[in-house]
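Visitor: What follows is a single structure, and I will ask about it in a moment.
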Amino acid sequence: MDDRDLLLRLRLARARGVGPRAVLLLRELLGSLDPLLEASPGDLEARGVPPRILHALADPALARRGQAELARVRALGATLLGAGLPGYPEALLALHDPPVTLSVRGAITPDDARAVAIVGARRATPAGVEVARALAADLAHAGVTVVSGLARGVDRAAHEGALAAGGRTIAVLGSGVANPYPAQHAGLAERIAQAGAVVSELEPDAAPSRHTFPQRNRIVAALSLGVVVVEAGPRSGALITADLGMQLGRELFAVPGSVLEPLSRGPNRLLREGAHLVESAADVLDVLFGVGLRDDGLGALLCERTEDDAPPAPAGLDAVSARVLGALTVREPRPLERVAAATTLGVDDVMTALGRLELAGRVRASVAGYVKVGA
């Protein structure tokens, strides 16, 4: 592959009146986009290529714009992927309008085929933020890539939970990769690029708009095996992502909430319509992989992680205690057996570590199980 392939796709992606759907239909018409590089305009016209495509191919301004964009992407240390070219995520081809190009800061790896989207309200409640963070951490610990949209609230919590667990996460932007939105999340975007990928189909410096977020949502849904909704109003963008996921045949999940909480209306509606109820990451893993956090085979089946892969232990803790502490959350009590399954440690070792953590004031025990003390 040379730059001609990428520049062709950039030219089509930025041409007025073309768009992703037209490019997909063009690929189906010609079998690939290669003839656009090889055939004469007359031959292409005879094969049914529309005039607006022929105009885009002949427009020198579009050619210069594509060259400038490719140079900008590379100057950022990012990679440009093109539909139909090596490295382009196969999952996106399920869309009726797959992105023609995709700018990627970081890297999309084969392991990212095992991904789950966590989406929800921007103005999430503290409980919603905690649930999203805990779900993401547990899924990431199990070797699942967490996909979200870098927005405030649930999205941010999902990315942070995955990062805290030492896992992978992908942020799909409604702006360019050089202009993450909101601006306050620029630092988070940098961390995600180091431990996963920040992606966008827009020009690198593009600003967000009300049209680009629904476009972003379709990529979030397509990259994922399932979509989990944590708090969402009745007109939330998270519900758009869920609907798109359903159209793509993805599994839908929702975290139930109080009927007194307005942000529970979205998830509760999805549950009434048949979404899977989620109380923990185990519920997601059971549906998608036939294995949950309580299963002994989780480590071998999903994450295949070694001790060397584990994140460093917090100061003052041995490795076993750090693993046990990482399996706990601040709000949701977890019984001994579930902690043991999540850490793949023996029950005796977990009990000993919990005792040490409780004495150190890092863990509190209750009838329902154990919770982490503090952040």
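The values are calculated or read from the model by the stated rules, or taken from the named source; none is laboratory data. Because the structure is predicted, anything quoted here is derived from the model rather than measured. Positions of Cβ are backbone-derived with ideal geometry, glycine not excepted, and every protein chain shown enters the neighbour counts.
Visitor: So Leu92 fits all but one of (1) crowded, with 18+ Cβ neighbours inside 10 Å; (2) of a type in the set (A, V, I, L, M, F, W, C); (3) free of Cβ contacts under 8 Å to residues at least 24 places away in the same chain; (4) closer than 24 Å to Val220 by Cα; what number is the exception?
Guide: (3)
Visitor: Can you list the helices (runs of 4 or more DSSP H) lying wholly within region 1-58 that have 1 or more residues being among the small types (Gly, Ala, Ser)? Let's see the steps before the verdict.
Guide: On the way: elements: 3-14, 19-30, 35-38, 41-46, 51-58.
The helices (runs of 4 or more DSSP H) meeting that bar are 3-14, 19-30, 41-46, 51-58.
Quick grid of which residues meet (1) more than 30 Å from Gly66 (Cβ to Cβ); (2) in contact with a Phe, Trp or Tyr (Cβ under 8 Å, 6 or more places away or on another chain):
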{"residue": "Ala142", "(1), (2)": "yes, no"}
{"residue": "Glu160", "(1), (2)": "yes, no"}
{"residue": "Ala164", "(1), (2)": "yes, no"}
{"residue": "Gly174", "(1), (2)": "no, yes"}
{"residue": "His185", "(1), (2)": "no, no"}
{"residue": "Asp205", "(1), (2)": "no, no"}
{"residue": "Phe213", "(1), (2)": "no, no"}
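Visitor: Give the number of residues within region 238-265 that are in a helix (DSSP H, G or I) and buried (at least 21 other Cβ atoms within 10 Å of the Cβ). Working first, answer last.
Guide: Step one: of region 238-265, the residues in a helix (DSSP H, G or I) are 238-247, 262-265.
After this cut, where a residue has to be buried (at least 21 other Cβ atoms within 10 Å of the Cβ) as well, the list is 238-239, 241-242, 245, 263-264.
Residues that pass the stated criteria total 7.
Visitor: Further question: Sort through Val129, Val100, Val116, Val146 and tell me the only one that's in contact with a Gly (Cβ under 8 Å, 6 or more places away or on another chain), outside the structural domain of Ile192 (by TED's automatic domain parsing) and surrounded by 22 or more Cβ atoms within 10 Å (Cβ to Cβ).
Guide: Details: Val129 fails: outside the structural domain of Ile192 (by TED's automatic domain parsing); Val116 fails: outside the structural domain of Ile192 (by TED's automatic domain parsing); Val146 fails: outside the structural domain of Ile192 (by TED's automatic domain parsing).
Result of the check over Val129, Val100, Val116, Val146: Val100.
Visitor: Follow-up question, since we're still on this one. Look through Leu354, Leu288 and report the one residue that is buried (at least 17 other Cβ atoms within 10 Å of the Cβ), farther than 28 Å from Gly120 by Cα and at pLDDT 80 or above. Talk me through it step by step, then tell me what you get.
Guide: On the way: Leu288 fails: farther than 28 Å from Gly120 by Cα.
Unique residue meeting the criteria: Leu354.
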